[in-house]
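Throughout, read-outs are computed from the coordinates displayed, never taken from laboratory work. A quick note: this is a predicted structure, and the numbers were derived from the prediction, not measured. Heads up, the Cβs are rebuilt from the backbone with ideal geometry, glycines too, and the neighbour counts pull from every protein chain shown.
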2 protein chains.
Amino acid sequence: MPAPILSKDEVLDRLLNTFRDRGYEGASLAELSAATGLVKSSLYHYFPGGKQDMAEQVMAHLDRQLAANLYGPLRSALSPAKKLGAMLDAIEAFYEGGRKACLFERLSASVDRAHFRRPLRRAFMVWMDAIEAICLEAGLSKAVARVRAEDVVVRVEGALIVCAGTGDYSVFARTIKDLRASVLAPSRAAHRA
Amino acid sequence: MPAPILSKDEVLDRLLNTFRDRGYEGASLAELSAATGLVKSSLYHYFPGGKQDMAEQVMAHLDRQLAANLYGPLRSALSPAKKLGAMLDAIEAFYEGGRKACLFERLSASVDRAHFRRPLRRAFMVWMDAIEAICLEAGLSKAVARVRAEDVVVRVEGALIVCAGTGDYSVFARTIKDLRASVLAPSRAAHRA
DNA sequence: GTCTATAATAGGATAGAC
DNA sequence: GTCTATCCTATTATAGAC
């Protein structure tokens, strides 16, 4: 009865990376097994529901990580501008400047997307709600704050696609830079260079 | 020796739709066969290289369609504003208001993405070049035109992801509406409501 | 140019030992 | 909790008739 090699969190981190790199269909059990160092049967011990179960638990894992390391700290006394800056720093790091894909995008595009609909919708909503809260704190109206929050997520996700498609990662850097300057700008005022 | 049921273009249209709906890995030969009404062996007659060959030919097919129906007409004497409007009309129709995915995104995210790299990069570049040309014609500087062109593609692709993830298609409509108003706006001037 | 039939393999999943 | 061994099905792909 060997002891666990990796903690559950470490296993989930490895699975997260594999799903991001290969996509849901693209990540075979053989690859998920190699990434974790666990043979298939061991994976089924952790994830009785198979690959769907893995994806669901990986989403929940990422939700917890984001709540602890990103959304939590955002409830501090920092200025809205500093909070936005911190979020965009985290986004640049997490996506490695546009080189790593978004788990939620990968699962949204999967054939099993119907199974993941609720947690996916929730994940996008939590993200947008956090940005909206910063915008409101900065004095923007509710309507403008919501649109700005949606726009941040739209542009981050879009930049990831364009970078993956073109191989030109400057698009991601430029998009983040533009968001830093524009998201909290007063409404009906100048926004673009 | 039965005659062909569908023209090659019709077959390519059906395959295009299947790849958009199911993704590259998600689209099995069984589904591609059902979508075209051709049994697997017949598909191999048209596409000796199998699924990769199908994806490559579908990309080339879409390139031709876009050149004929979108980029071609854009070389007319219409005003830049009308050209942009026509492109955004076509985008709204092609993506069915955010309900249908982008082929290029699907293939960029596939496990075989390395095989499709060149045509994918080309497809994104041709799209952005067309937008850039409209921006230049409207009097924007080269640098601003390029950034605006990248931004259009980023926001369209991102809106598709957010719509798929949240099920809220108003994001796509709002994004297109915002692009209609902002892409050709004079630089360093007001841009956002 | 389309078909039926089949091969060959990879995929997800399970049983049961230790 | 991890392993070896196996099962079953789906998947890609090919052969060859008409």
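The table for this structure:
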{"quantity": "Over 25 Å between alpha carbons, listed pairs B:Lys82/B:Lys142; A:Lys51/A:Lys100; A:Lys100/B:Lys40", "calculated": "A:Lys100/B:Lys40"}
{"quantity": "For the range B:62-111 versus the range B:130-164, the gap between their alpha-carbon centres in whole angstrom", "calculated": "12 Å"}
{"quantity": "Folded to 0 to 90 degrees: helix A:80-94 orientation relative to chain A principal axis, Cα", "calculated": "30 degrees"}
{"quantity": "For B:Ala68, inter-copy label distances in nm, listed shortest first [label point 7 Å out on the Cα-Cβ vector]", "calculated": "5.6"}
{"quantity": "Dipole of chain A [Lys/Arg +1, Asp/Glu -1 at C-beta], most positive-end residue of A:Val39, A:Leu74, A:Pro186", "calculated": "A:Pro186"}
{"quantity": "Residues A:Glu31, A:Glu25 arranged by fewest to most Cβ contacts within 10 Å", "calculated": "A:Glu31, A:Glu25"}
{"quantity": "Stretchable slack from B:Tyr46 to B:Arg64, in nm (0.36 nm times residue separation minus alpha-carbon distance)", "calculated": "4.7 nm"}
{"quantity": "Mean Cβ neighbour count within 10 Å, used as a protection proxy, ranking A:143-155, A:32-44, A:120-132 highest first", "calculated": "A:143-155, A:120-132, A:32-44"}
{"quantity": "FRET efficiency, 1/(1 + (r/R0)^6) with R0 25 Å, evaluated for A:Glu96 and A:Lys177 via beta carbons", "calculated": "0.95"}
{"quantity": "Positive minus negative residues near A:Ala173 (Lys, Arg vs Asp, Glu; Cβ under 12 Å)", "calculated": "-1"}
{"quantity": "Cβ-Cβ FRET estimate between A:Ala81 and A:Lys142, R0 fixed at 25 Å, reported to 0.05", "calculated": "0.80"}
{"quantity": "Neighbouring partner chain Cβ atoms per residue of B:146-153, average, 10 Å criterion", "calculated": "4"}
{"quantity": "Partner chain coverage, peptide B:107-116 - average Cβ within 10 angstrom", "calculated": "4"}
{"quantity": "Most fluctuating residue given options A:Tyr46, A:Tyr24, A:Tyr95, as computed from a GNM of chain A linking Cα atoms under 10 Å", "calculated": "A:Tyr46"}
{"quantity": "In degrees, nearest ten, helix B:170-182 long axis to first principal axis of chain B (Cα)", "calculated": "50 degrees"}
{"quantity": "For A:Glu92, label point 7 Å along C-beta direction: distances to other copies, nm", "calculated": "3.6"}
{"quantity": "Calculated [θ] (222 nm, deg cm²/dmol) that DSSP helices of n ≥ 4 give over chain B, each run adding -39,500 (n - 2.57)", "calculated": "-22000 deg cm²/dmol"}
{"quantity": "Estimated FRET transfer efficiency (A:Arg118, B:His115; beta-carbon r; R0 45 Å; 0.05)", "calculated": "0.85"}
{"quantity": "Total formal charge among the other residues, if their Cβ is under 14 angstrom from that of B:Pro80, Lys/Arg +1 and Asp/Glu -1", "calculated": "+3"}
{"quantity": "Between 0 and 90°, nearest 10: helix B:8-22 axis offset from chain B longest Cα axis", "calculated": "70 degrees"}
{"quantity": "Check: the protein assembly as shown dipole with +1 on Lys, Arg Cβ and -1 on Asp, Glu Cβ, in debye", "calculated": "820 debye"}
{"quantity": "Positive-end residue, chain A charge dipole about Cα centroid, Cβ charges, pick of A:Leu84, A:Ala114, A:Cys102", "calculated": "A:Leu84"}
{"quantity": "Label spacing, shortest first and in nm, from B:Ser187 to its equivalents in the remaining copies (7 angstrom along Cα→Cβ)", "calculated": "2.9"}
{"quantity": "Among B:Ser28, B:Ala93, B:Val154 the positive-end extreme of the charge dipole of chain B (Cβ point charges)", "calculated": "B:Val154"}
